[in-house]
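Each remark here refers to the structure printed beneath this line.
The values are calculated or read from the model by the stated rules, or taken from the named source; none is laboratory data. Computed from a predicted structure; not experimentally measured. Here the Cβ is made from the backbone with ideal geometry for all residues, glycine too, and neighbour counts use every protein chain on show. Ligands, DNA and RNA are excluded from the accessible area calculation, which covers all protein heavy atoms including side chains. Shrake-Rupley method; radii C 1.70, N 1.55, O 1.52, S 1.80 Å.
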Amino acid sequence: MSAAAPDLAERLTAFLASELPAASDVRISGLKRAGSGSSSENWLFDAEWRDQAGHHSCELVLRRAPKNEIVATAREDEFDLLTALERSPLPLPRAFWMDRDGRWLERPGMIVSRCKGRDDRLLLTDANSARLGVEARVSLARQLADLLADIHSVDIDSLDLPRRFKMRSPAAQLAEAAAASQAQEVEPCPELRLVRWWLKDNLPEASPKPVLVHGDFRPANVLVLGERITTILDWELAFVGDPLADLGWYLAPTYHSEHFIDGHWSEKDFLERYERAVGSTVDRAALRFWIVFAHYKLATIANAAMRAFLNGDPQRLATRPDRIYRPMLEMIADGNAHRRYA
């Protein structure tokens, strides 16, 4: 148990007791930190209590705002979205309780069900933790394409979404991303200025059919049991917008080694599978904008991690920003870049 765990266990016990006023003998056990995400602390624990219906035992996860946040998100957005999606066919954790202002848990956090399966960002690679062969990994890659299509096929008009989940146009997203990028620069960065000008000059039209966008869809954010994806995780960046935003993120060259299987599963394979599932064709030229935009946002995350490191947080150093700049600059220089996915 980490040094922070005993205090957090007491906080969790008090919080659950407040949320379960009819319960008695509320207990927390097995509390441990899991992972080191950029946008949330994840704590696994078991909870027990008694009430008039008898004894209850749950396997749960606390997703709490970290002390030094690299990716600015709101836990309440994820909680409200998971609540709205509870009756959807998507495989999701169930949202139980939310400490919106951090009164109980020190910082804002939500408690969700702990789902079966393991997370592995190297899921599709030779280094996957389950030692899956190529055939199994290709099957999982196909499942990922189908799941993304399922997300984009959710009837958002039927969901009871908060007003803040309104349509975000490409122009609005770029303005928000540009402000975040400049705020995180350690020093003036000509590469990011150049890319921002290119993005502004190549803004696509807003999607005529906005969808639910996950915002961080990739193998790292699913749980797998055997050869089956059981759960889609990490919805804190979700919004209503263009489906190409998710496709651009997934197809970002920086992620190529984690998202594709050379000789067995390519970007073209992924797009064709996705297109069959949604029943429409992806505009390759517009997709180029969203892939470059994905790298632009990834560069901001890398700069934020570097800034945090320079400010004394040794756990926050991530990918060197220049490793992200190169493919981004190559894409804006190559007018035929979108054809590689045709």
Specify the residue that is surrounded by the fewest Cβ atoms within 10 Å (Cβ to Cβ); the eligible residues are those in region 219-272 that are closer than 19 Å to Pro204 by Cα and among the small types (Gly, Ala, Ser). Gly248
Of the numbered conditions (1) under 16 Å from the mean Cα position of the chain (by Cα); (2) in a helix (DSSP H, G or I), Val240 satisfies every one except a single condition; which is it? (2)
Please find, within region 88-139, the residue that is modelled with the highest pLDDT out of those that are open to solvent by less than 70 Å² (accessible area, probe 1.4 Å) and at positive phi. Gly117
How many residues does region 162-193 contain that are touching a helix residue (DSSP H, G or I) at 6+ places or on another chain (Cβ under 7 Å) and part of a helix (DSSP H, G or I)? 8
Look through region 299-329, keep the residues that are open to solvent by 20 Å² or more (accessible area, probe 1.4 Å), aliphatic (A, V, I, L, M) and outside any loop (DSSP other than H, G, I, E, B), and return whichever of them is modelled with the highest pLDDT. Leu329
